[in-house]
Amino acid sequence: MRFSGLRVITEALRGNKSWTPHWRNPEPKAHYDAIVIGGGGHGLATAFYLAENHGLRNVAVLEKGYLGSGNIGRNTTIVRANYGLPGNSEFYSHSLKLWEGMEGALNYNVMHSQRGIINLFHSDGQRDAYARRGNAMINQGDDAFLLDREGVRKILPYLDFDNTRFPIYGGLYHPRGGTARHDAVAWGYARGADKRGVDLIQNCEVTGIDVDNGKVVGVQTTRGAIRAPKVGIVVAGRSSQVAAMAGMRLPIESHILQAFVTEGLKPVIDHVVTFGAGHFYISQSDKGGLVFGGDLDYYASYAQRGNLPIAEHVIEAGMTLMPMIGKAKLLRSWGGIMDMSPDGSPIIDKTHIDGLYLNCGWCYGGFKAVPASGWCMAHLMATDTPHEVARGYRLDRFATGRGLMDEEGTGSQHNLH
Amino acid sequence: MRITCPNCGQRDLREFTYMGHAVALNRPAADADLAQWDDYLHNRDNPAGPTDELWYHGAGCTAWLKVRRDTVTHVISDAWLVMPPSKGVK
Ligand SMILES: Cc1cc2nc3c(=O)[nH]c(=O)nc-3n(C[C@H](O)[C@H](O)[C@H](O)COP(=O)(O)OP(=O)(O)OC[C@H]3O[C@@H](n4cnc5c(N)ncnc54)[C@H](O)[C@@H]3O)c2cc1C
Ligand SMILES: [Zn+2]
């Protein structure tokens, strides 16, 4: 079924009776040309582009829960291309362009909203760092403006500009940045992949990876063995467990990241705003909830829930920046399992096993990466060569020390990002 | 989360800093091969379940602790001193 404005109107007039499920619920076949493990944003996008760009349609996505039950449905939905280092910069730039065409390509409303992102700065040194980042963004062909204090005041009048500890000096404005409806991104890719013949198999946990003579031959699952000559591991926070099934030990540690949402309010925050002096960023969802978050809890965790010290820190930082949010009531908080890499940048690469591919290390920033990650992972699986915008995402860069991508400049070691 | 420090007793998470997996205690010899150093510095078992980690009691006795903690439930079952406090008591 194709979606259109006309269709929405006719369905509304007919009592919405003829909408159909967005995808099939097939039984797993015994053999596929390629298997993608993980039905999150990256896995579904990989399957979609395998079919769409490379004509590989005999493909299965194996998901242990339901589609979109992982981080794709838990993130704070920020989409941006404001990375500074070669390797990351062209990748995220490509990703933002794919976002801009996503709704047309998928015939699906993902509520992509380019409302603009403003990263605030609070000192001269921070201003210089943001000026440099802005220049890097312009050099990669994206948009960036350095706003002074009055420039920020014009668009964000509700901030506490004269906070005694952290006065606002200005902000880096990225107008093409924004947000999207996270579940819809998973659903849109799922529907698009299904339509092109991909089997989306839910409640199917991969429990083993079968390797014969250095070549992958298939996987073991809770729904039986499935054969395939190509297997992609795209399981975000669970990467270490799945890679261990193929005897690999990854440079990944799984950490918890929390997020928070308030009750629905009338429109009050029109952009994405990040605080430069503490861990806090915020936007307002189309439903009206203020969606905000901060930094990791900073200990390894698979709990999908965090502890109170970080909740307290995030909320204190929010109150420092925009005291008005103290009036809003917090509705919910939750957490997701982040696949943290030592340098804070991802991995899209082959492994030492023929036909086994790895996609992980998205840390807390993999939502914006969904389209480009799927695009490049599909390219790698279909052609056995890295896509040019993902060339830098090598698995061996930690061992060799060549091509590390440490955006924060804090070092290539666990627990620093 | 609360950690029972062998020096200070049960204390709030806020007093401690996570210092990574206890693999850091098994430093390879200076002339070990690169693969061993890569394993030590970067590669991790990253288990979902009980594991041994290092925590620094910065706002308490300043000792480094080895802590056995479950990464799924956050239950802390044991803690040992790795080093004596930096000042005073031996
Ligand atoms: C609170 C929070 C806020 C965030 N905010 C942002 C943001 O604002 N912007 C941004 O860019 N990024 C953000 N992120 C990061 C982003 O959500 C993730 O990097 C990204 O979603 C990870 O990729 P994914 O969607 O494929 O992961 P997931 O949705 O987690 O997909 C992995 C899937 O693999 C499945 N799986 C695991 N093991 C197996 C197995 N053995 N067999 C079968 N299936 C398996 C899981 O069930 C899961 O569905 C945030 C994350 C969190 C938690
Ligand atoms: Zn102590």
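General observations
- Output for region B:38-50, where each listed residue is under 18 Å from residue B:76 (Cβ atoms) and more than 7 Å from chain A (Cβ to nearest Cβ): B:47, B:49, B:50
- Looking across region B:4-25 at every residue that is of a type outside the set (Lys, Arg) and in contact with a helix residue (DSSP H, G or I) (Cβ under 7 Å, 6 or more places away or on another chain), the one that is nearest to residue A:237 (Cα to Cα) is identified as B:23.
- Region A:1-21 residues that are touching a residue at least 24 places away in the same chain (Cβ under 8 Å), paired with ones that are of a type outside the set (Val, Ile, Thr) and part of a loop (DSSP other than H, G, I, E, B) (beta carbon under 9 Å, 6 or more apart): A:2/A:107; A:3/A:107; A:3/A:108; A:3/A:109
- On inspection, residue B:67 fails the criterion of being surrounded by 16 or more Cβ atoms within 10 Å (Cβ to Cβ), under 30 Å from residue A:397 (Cα atoms) and β-branched (Val, Ile, Thr).
- Subset of region A:122-145 [in contact with a strand residue (DSSP E or B) (Cβ under 6 Å, 6 or more places away or on another chain) and outside any helix (DSSP H, G or I)]: A:144, A:145
- Annotation: of all residues in region B:15-67 being within 16 Å of ligand 2 (Cβ to nearest atom) and of a type in the set (Phe, Trp, Tyr), the one that is farthest from residue A:300 (Cα to Cα) is B:64.
- Only one of the numbered conditions (1) out of contact with any Asp or Glu (no Cβ under 7 Å at 6 or more places or on another chain); (2) within 16 Å of ligand 1 (Cβ to nearest atom) is not met by residue B:55, and that is (2).
- Single unsatisfied condition, residue A:304 versus (1) assigned to a strand (DSSP E or B); (2) farther than 30 Å from residue A:154 by Cβ; (3) outside the structural domain of residue A:410 (by TED's automatic domain parsing): (1)
- Qualifying residue in region A:167-176 (condition: more than 14 Å from every other protein chain (Cβ to nearest Cβ) and within 16 Å of ligand 1 (Cβ to nearest atom)): yes
Every residue, every condition in (1) away from every other protein chain (no Cβ under 14 Å); (2) of a type outside the set (Asp, Glu); (3) surrounded by 16 or more Cβ atoms within 10 Å (Cβ to Cβ), yes or no:
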residue: A:276; (1), (2), (3): yes, yes, yes
residue: A:287; (1), (2), (3): yes, yes, no
residue: A:290; (1), (2), (3): yes, yes, yes
residue: A:294; (1), (2), (3): yes, yes, yes
residue: A:302; (1), (2), (3): no, yes, yes
residue: A:313; (1), (2), (3): no, yes, yes
residue: A:325; (1), (2), (3): yes, yes, yes
residue: A:342; (1), (2), (3): no, yes, yes
residue: A:347; (1), (2), (3): no, yes, yes
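- Failed item, numbered, when residue A:117 is tested on (1) more than 15 Å from the chain's Cα centre (by Cα); (2) surrounded by fewer than 17 Cβ atoms within 10 Å (Cβ to Cβ); (3) within 14 Å of ligand 1 (Cβ to nearest atom): (2)
- Residue-level analysis places residue B:35 outside the set of residues that are over 15 Å from the mean Cα position of the chain (by Cα), over 21 Å from residue A:255 (Cα atoms) and more than 10 Å from chain A (Cβ to nearest Cβ).
- Residue A:99 outside the structural domain of residue A:390 (by TED's automatic domain parsing) and in contact with a strand residue (DSSP E or B) (Cβ under 7 Å, 6 or more places away or on another chain): yes
- For residue B:53, the conditions (1) over 15 Å from the mean Cα position of the chain (by Cα); (2) facing chain A (nearest Cβ under 8 Å); (3) crowded, with 17+ Cβ neighbours inside 10 Å are fulfilled apart from (1).
- So residue A:48, is it of a type in the set (Phe, Trp, Tyr), outside any loop (DSSP other than H, G, I, E, B) and assigned by TED's automatic domain parsing to the domain that holds residue A:225: yes
- Filtered residues of region A:249-269 (kept if of a type in the set (A, V, I, L, M, F, W, C) and more than 9 Å from every other protein chain (Cβ to nearest Cβ)): A:256, A:257, A:259, A:260, A:261, A:265, A:268, A:269
- Checking every residue in region B:13-27 against the condition of being more than 8 Å from chain A (Cβ to nearest Cβ), more than 15 Å from the chain's Cα centre (by Cα) and in contact (Cβ under 8 Å) with a residue 12 or more places away in the chain gives zero matches.
- Here residue B:80 fulfils each of the conditions (1) in a strand (DSSP E or B); (2) in contact with a Cys (Cβ under 9 Å, 6 or more places away or on another chain); (3) away from chain A (no Cβ under 14 Å) apart from (2).
- Test result for residue A:123, among the hydroxyl-bearing types (Ser, Thr, Tyr) and outside the structural domain of residue A:166 (by TED's automatic domain parsing): no
- Taking the numbered list (1) within 15 Å of ligand 1 (Cβ to nearest atom); (2) closer than 24 Å to residue B:72 by Cα; (3) in the same structural domain as residue A:394 (by TED's automatic domain parsing) in turn, residue A:348 passes all entries but (2).
The values are calculated or read from the model by the stated rules, or taken from the named source; none is laboratory data. On a predicted model such as this, the values are computed, not experimentally measured, just so you know. Positions of Cβ are backbone-derived with ideal geometry, glycine not excepted, and every protein chain shown enters the neighbour counts.
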